[in-house]
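The values are calculated or read from the model by the stated rules, or taken from the named source; none is laboratory data. The model shown is predicted, which means the values in this text are computed figures rather than measured ones. No Cβ is skipped: glycine too gets one built from the backbone with ideal geometry, and neighbour counts run over all protein chains shown. Each accessible area value is taken on the protein alone, full model and side chains, heavy atoms only, with ligands, DNA and RNA left out. Shrake-Rupley method; radii C 1.70, N 1.55, O 1.52, S 1.80 Å.
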Amino acid sequence: MLRNFICTFVLLLFIKNLHSQNTEIIVQGKVKKAISGKGIAAKINYKSYPTGSLSGSFNDSTYSFSIFGSSKYQVTASAIGYIPRTVIVDPKESNNNSIVQDIELTPTNKTVRLNHLIFDMGKAVIKPGSFTELDELVAMMKSNTKVEIQLEGHTDNQGSADANLKLSQDRVDAVKKYLSSKGIAKDRIATKAFGGTQPLSTEKTEEARALNRRVELRVLKD
């Protein structure tokens with residue numbers, strides 16, 4: 001009886017795994033300008049992450065490809081005059097066997113805010129929720145080996161100016177350390193700290209102070 005139950009259980013697991021491997025998931029999206037949202041023709045490369053054993057490419061403002069199984073994929077879009085960007089798609093995030101992932105490109109003369117980079121309050125400890133965005137940055141720099149960047153750290157203007165300057169430097173140093181631990185050469189990553197000297201908002205609210213606490217990415221060479 002127990003033996004039959006175990007055999008049945010193993011068979012069900014095998015069938016479930018086989019089904020998941022054969023399920024087709026459509027990944028699609030649009031490459032667009034970050035400010036206007038208009039489509040932009042780009043070189044789009046996709047490959048399985050992190051091995052790169054399966055890959056493909058497009059030259060268009062849109063893309064669509066099928067994936068099977070549980071492997072993640074990275075999609076990198078690049079266009080002349082814009083900062084390349086990589087996103088990582090996970091089959092677990094599919095909705096009705098579909099994943100829609102648009103990619104916004106920012107002009108190279110602008111800075112890009114790392115919106116999902118989170119630190120412990122008043123510290124330079126990167127929280128795990130930041131890793132996906134940082135891994136996308138790693139993948140982009142590995143796909144575009146000539147790109148050199150500058151990480152720019154900002155805080156709010158509460159407290160000591162010297163302490164804020166040090167904190168912003170410590171935070172960009174922590175990001176640089178993470179990127180280099182993933183295989184990005186240190187000489188491709190410059191850092192600069194501004195403390196609270198360049199606020200995006202001067203309002204005296206918590207929302208404004210949160211907006212001012214940020215790390216931005218500037219492309220120095222592409």
Among the residues of the range 27-39, is there at least one that is β-branched (V, I, T), surrounded by fewer than 13 Cβ atoms within 10 Å (Cβ to Cβ) and more than 28 Å from A174 (Cα to Cα)?
-> yes
Every residue from the range 128-172 that is touching a Phe, Trp or Tyr at 6+ places or on another chain (Cβ under 6 Å) and open to solvent by 30 Å² or more (accessible area, probe 1.4 Å) | none
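Condition check ((1) of a type in the set (S, T, N, Q); (2) within 30 Å of S78 (Cα to Cα); (3) modelled with pLDDT under 90; (4) more than 20 Å from the chain's Cα centre (by Cα)) across all residues:
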| site | (1), (2), (3), (4) |
| --- | --- |
| V10 | no, no, yes, yes |
| F14 | no, no, yes, yes |
| N17 | yes, no, yes, yes |
| N22 | yes, no, yes, yes |
| I25 | no, yes, no, yes |
| I35 | no, yes, yes, no |
| I44 | no, yes, no, no |
| S48 | yes, yes, no, no |
| D60 | no, yes, no, yes |
Which one of these does V75 not meet: (1) modelled with pLDDT of 95 or more; (2) surrounded by fewer than 18 Cβ atoms within 10 Å (Cβ to Cβ)?
-> (2)
Taking the range 72-124 and keeping only residues that are of a type in the set (K, R) and under 18 Å from S48 (Cβ atoms), one is left with K72, K92
Reported set for the range 173-222 where residues are more than 17 Å from H116 (Cβ to Cβ), in a helix (DSSP H, G or I) and open to solvent by 60 Å² or more (accessible area, probe 1.4 Å) is D173, K177, S181, K186, D187, E206, E207
Among the residues of the range 112-158 satisfying the criterion of being more than 25 Å from Q101 (Cβ to Cβ) and of a type in the set (D, E), which is modelled with the lowest pLDDT?
-> D120
Of these, K142, K177, K186, which one is within 26 Å of V75 (Cα to Cα), touching a Ser or Thr at 6+ places or on another chain (Cβ under 9 Å), of a type outside the set (V, I, T) and without any contact (Cβ under 8 Å) to a residue 40 or more places away in the chain?
-> K186
What strands (runs of 3 or more DSSP E) completely inside the range 25-80 contain at least 3 residues that are farther than 26 Å from T111 by Cα?
-> 42-49, 55-60, 62-68
Every residue from the range 155-166 that is out of contact with any Pro (no Cβ under 8 Å at 6 or more places or on another chain) and under 20 Å from T111 (Cα atoms) | T155, L165
Of all residues in the range 87-115, which are in contact with a Phe, Trp or Tyr (Cβ under 9 Å, 6 or more places away or on another chain) and hydroxyl-bearing (S, T, Y)?
-> T106, T108
